[in-house]
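Just so you know, all these numbers are worked out from the coordinates, no wet-lab data involved. The shown structure was predicted, so the numbers you read here are calculated from the model rather than taken from an experiment. Neighbour counts are summed over all protein chains in view; Cβ atoms, including those assigned to glycine, are modelled from backbone coordinates with ideal geometry.
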Amino acid sequence: MENRSFYNEILTEHNMRPEFKHDLPDANIVLEGVNPNCGDDIWLKLKVENGVIEDGAFVGDGCAISQASADIMLGMIIGKSEEEALKLGKLFLRMIQGEADDEEIEQLEEASALKDIAHMPARVKCAVLGWHTLEEALKKKQ
C-alpha cells in the first residue's frame, strides 16, 4: 500500500514552495485557465522553440491542488517536445479518470501523487486545470 503521507508531502511541497510559479517575460505562448467552481485562476506561460518546451511558468491563485498540479506539470514538461507534453497530459487525465494502469501511472512520477483525486469529484477540476490549459495552449498554437 502506498504511503499517503508521502503523497501529501509532495503536494504540500509544490504548493508551499513552487519552483515554476513566477513570471516568464519571454514566453511565446500564454493562456489563462480558470476553474470558477473553486476560484482557481492561472496564467500558463511557455517558451516553445522548434516544437520543444524550453521553459515554462505559471502565475495566479488557486487552491493547493491546482497550484501543486500546475507546478508538478511544468517540472515534467520542460525540455519535452509538444507531442510528449500532450501525451503526458492525456495520461494524467486517464489516471484521474481511473483508466491508467500502475505502469502508466509510474510514468507520471510526482504527478501520480494526485491519483486519489478521482475519488473526490469536486477536486478533479482543480487537479486538471493546468493540464487542460496546457493542451488548449498547444493546440491553439498549431
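Per-residue ellipticity at 222 nm from helix content only, as computed over the chain with -39500 (n - 2.57) for each DSSP H run of at least four residues, stands at -15500 deg cm²/dmol.
Normalised radius of gyration (Cα atoms, divided by 2.2 N^0.38 Å) for the chain: 0.97. Taking θ as phi - 60° and the Karplus parameters 6.51, -1.76 and 1.60, the scalar couplings of region 104-109 work out to 5, 4, 4, 5, 8, 6 Hz in sequence order, x denoting glycine and proline.
Spatial offset of region 18-75 relative to region 90-142 amounts to 15 Å, using the alpha carbon center of each. For the chain, the membrane-span-like helices by this rule, meaning whole DSSP H stretches whose C-alpha atoms cover at least 24 Å of axis and whose Kyte-Doolittle mean is -1.0 or above, are 121-141; this says nothing about an actual membrane. Residue ranges 88-94, 78-84 sort as 88-94, 78-84 when ordered by packing (mean number of other C-beta atoms within 10 Å per residue, highest first). Contact order for the chain, expressed relative to its length and based on alpha carbon pairs under 8 Å spaced 6+ residues apart, stands at 25 percent. Counting only residues at least eight positions apart within a chain, or on another chain, the lysines with an alpha carbon under 18 Å from that of Lys21 are Lys45, Lys47. Near the amide H of Lys47, within less than 5 Å, lie the amide hydrogens of Asn28, Glu54, Asp55, Gly56, all on another chain or at least 5 residues away, with H placed in the peptide plane.
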